[in-house]
Amino acid sequence: MKILITGGAGFIGSHVVRRFVTHYGNYQIFNLDKLTYAGNLQNLTDIDKSPNYQFIKGDITDAPFIQSLFNTHAFDAVIHLAAESHVDRSITSPLDFIKTNVEGTLQLLQAANACWQNKTHKHLFYHVSTDEVYGSLGKTGFFTEETPYNPQSPYAASKAASDHLVRAYQNTYQLPTVISNCSNNYGPNHFPEKLIPLAINNIKNNLPIPIYGKGENVRDWLYVEDHAAAIDLIFHKGTVGETYNIGGHNEWHNIDVIKLLCQIMDEALNRTAGTSAQLITYVKDRAGHDLRYAIDSGKLQHTLGWQPSLNFEKGLRQTVSWYLNNETWLNNVTSGAYKNYYQMQYGNR
Ligand code: NAD
Ligand code: TYD
């Protein structure tokens, strides 16, 4: 089987690529990535010489390039993760999100549909999406697969639009598709613009940890390898045309995540207990900040038997030790353009 994975040099995509390359020696894995600021080939140095792996640098919005890629390789399946993924950047540059997340997804759907006219052969277009398409919850309740879409940020709106396009191709052209909507991921290779890796990097460097608003917003955290395992399961065993929610049943207020992280960092860096927590700094809230996300992943658990494998504290400890042991990776991604982004987003705080 020839599988095109898009966005494989980013955070989640690199874990998905590694899993497929190492678990399925009989598959040919093609990793298509534009290598934006978020894409990093250093994420995959351990597997990039594998005989069943090939990296292709390219842009999913480039229609002629995408069409010729499908014509050349005749992929059997697509796992689509390439996206602009950070809410704060979507607030300052929404057009980039429409371009990549909406138009890019459309170009891939179009090319797959044109290439897969021979419907007797088994194909699958797997679209990786987010729980943010459902909007924001109050203090109670969970997102299920039936929750109406109500995206609140430009990022969430662009992902919602891409989900709608995927369903439209399934309905109109019978393109075989599956979608999963996952909660917040954390783990190794996470770009330090997102809460957890940003806090780890700042604590390490004795810089303020910026907490938006009062830190009361709630996210449902899942270790990235558990997400990759869910994608593997859905890709192989999921029902065509279905949607699956993926989440950790692991809700935390942001401030509590950061307090636990500070405790783990104090231990890892041999600092006196309480030292890192002094870096906590409350800053201006994010515009339109969603209060709470919480996923009901019952369908995935009951129909396909998926379970998250790691508890949060263990996952956070593993994540902290990865960042402390991969200083070169962290220094490389936080040099150059990252400094400008940080200054623009947080000023001198
Ligand atoms: P990321 O920002 O770390 O990686 C995105 C990758 O896409 C990068 O390697 C980037 O170079 C590539 N890319 C961006 N624009 C491209 C383009 N035009 N053409 C080709 N490649 C391009 O993102 P992530 O956190 O790994 O998220 C991956 C996917 O999972 C996204 O679709 C995201 O919406 C979804 N998702 C993320 C989370 C999360 O917590 N991070 C949760 C649920 C779903
Ligand atoms: P983030 O990691 O950006 O993911 P998302 O917005 O997709 O949930 O943010 C997680 C939570 O942390 C969210 O409620 C916003 C908050 N946050 C901060 O308080 N400070 C920060 O510097 C960042 C990046 C996020």
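The values are calculated or read from the model by the stated rules, or taken from the named source; none is laboratory data. This is a predicted model, so every value here is computed, not measured. When we count neighbours, we look across all protein chains shown, and the Cβ atoms used for this are built from the backbone with ideal geometry, even at glycine. What goes into the accessible areas is simple: the full protein's heavy atoms, side chains included, and nothing from ligands, DNA or RNA. Shrake-Rupley method; radii C 1.70, N 1.55, O 1.52, S 1.80 Å.
For the stretch 72-105, the residues whose amide N sits under 19 Å from a probe point set 7 Å from the Cα of residue 171 along the beta carbon direction are 102-103, 105. Here r is the Cβ-Cβ distance between residue 255 and residue 121 and R0 is 51 Å; the resulting FRET efficiency, rounded to 0.05, is 0.50. Pairs of Cα atoms in the stretch 206-250 fall into 10 Å distance bins, from 0 up to the last occupied one, in shares of 21, 33, 25, 16, 5 percent. Among the trypsin sites (Lys or Arg not before Pro) found in the stretch 172-264, those both in a DSSP coil and sparsely packed, with 11 or fewer other Cβ atoms within 10 Å of their Cβ, are 214. Across the stretch 170-310, Cα-Cα distances exceeding 19 Å account for 59% of all pairs.
Considering only 105, 47, 300, and ranking their Cα positions along the charge dipole of the chain that arises from unit charges at the beta-carbon of Lys, Arg, Asp and Glu, the one farthest toward the positive end is 47. The base-10 log of I(q)/I(0) for the stretch 84-228, evaluated at q = 0.10, 0.19 Å⁻¹, reads -0.43, -1.26 [Debye formula, identical scatterers on Cα atoms, solvent excluded]. Within the stretch 1-68, the trypsin sites (Lys or Arg not before Pro) that combine a DSSP coil assignment with at most 16 other C-beta atoms in a 10 angstrom radius are 49.
Can you give me the angle between helix 195-204 and the longest principal axis of the chain, using Cα atoms only, in degrees from 0 to 90, rounded to the nearest 10? That works out to roughly 40 degrees. Taking only the C-alpha atoms of the stretch 22-111, the Rg (one decimal) and the largest Cα-Cα distance, Dmax (whole number), read 14.3, 43 Å. Against the chain, whose longest principal axis is taken from its Cα atoms, helix 224-237 shows a tilt of about 20°. Convex hull volume of the Cα atoms of the stretch 222-303, normalised per residue: 127 Å³.
For residue 2, the aspartates and glutamates whose Cα comes closer than 19 Å to its Cα, not counting residues fewer than 8 places off in the same chain, are 33, 48, 76, 232.
Shown here for the stretch 72-124: trypsin sites (Lys or Arg not before Pro) in loop regions (DSSP other than H, G, I, E, B) with at most 16 other Cβ atoms within 10 Å, namely 119, 122.
Residues 275, 92, 334, sorted by accessible area with the largest first, give 92, 275, 334 [1.4 Å probe; ligands and nucleic acids excluded].
Rg and Dmax of the stretch 69-147, based on Cα coordinates, read 16.2, 51 Å. Per-atom-type breakdown for the chain gives carbon and sulfur 51% of the accessible area (1.4 Å probe, protein chains only). In summary, the aspartates and glutamates within cross-link reach of residue 214, defined as a Cα separation below 14 angstrom excluding same-chain residues under 8 places away, comprise 256, 285, 290.
If you fit an axis through the alpha-carbon atoms of helix 337-346 and take the longest principal axis of the Cα set of the chain, what angle between them do you get, 0 to 90°, nearest 10? Rounded to the nearest ten degrees, it is 60.
Would you mind estimating how fast the chain diffuses translationally, via Stokes-Einstein at 10 °C and 1.306 mPa s with the Kirkwood radius over Cα pairs, in µm²/s?
For these conditions, the coefficient is 77 µm²/s.
The residue among 191, 20, 171 whose Cα reaches farthest toward the positive pole of the charge dipole of the chain, with charges on the beta-carbon of Lys, Arg, Asp and Glu, is 191. Here is the tail figure for the stretch 107-164: Cα pairs spaced more than 13 Å apart come to 67 percent of all pairs. By the compact-protein rule of thumb, 2.2 N^0.38 Å, the alpha-carbon radius of gyration of the stretch 287-333 corresponds to a ratio of 1.73. When 68, 183 are compared by accessible area of protein heavy atoms, the largest-first order is 68, 183, using a 1.4 Å probe. In the full protein context, the chain carries 42 Å² of accessible surface per residue, based on a 1.4 Å probe and ignoring ligands, DNA and RNA. Given their separation in residues at 0.36 nm each and the Cα-Cα distance between them, residue 63 and residue 242 gain 61.7 nm when the chain is fully extended.
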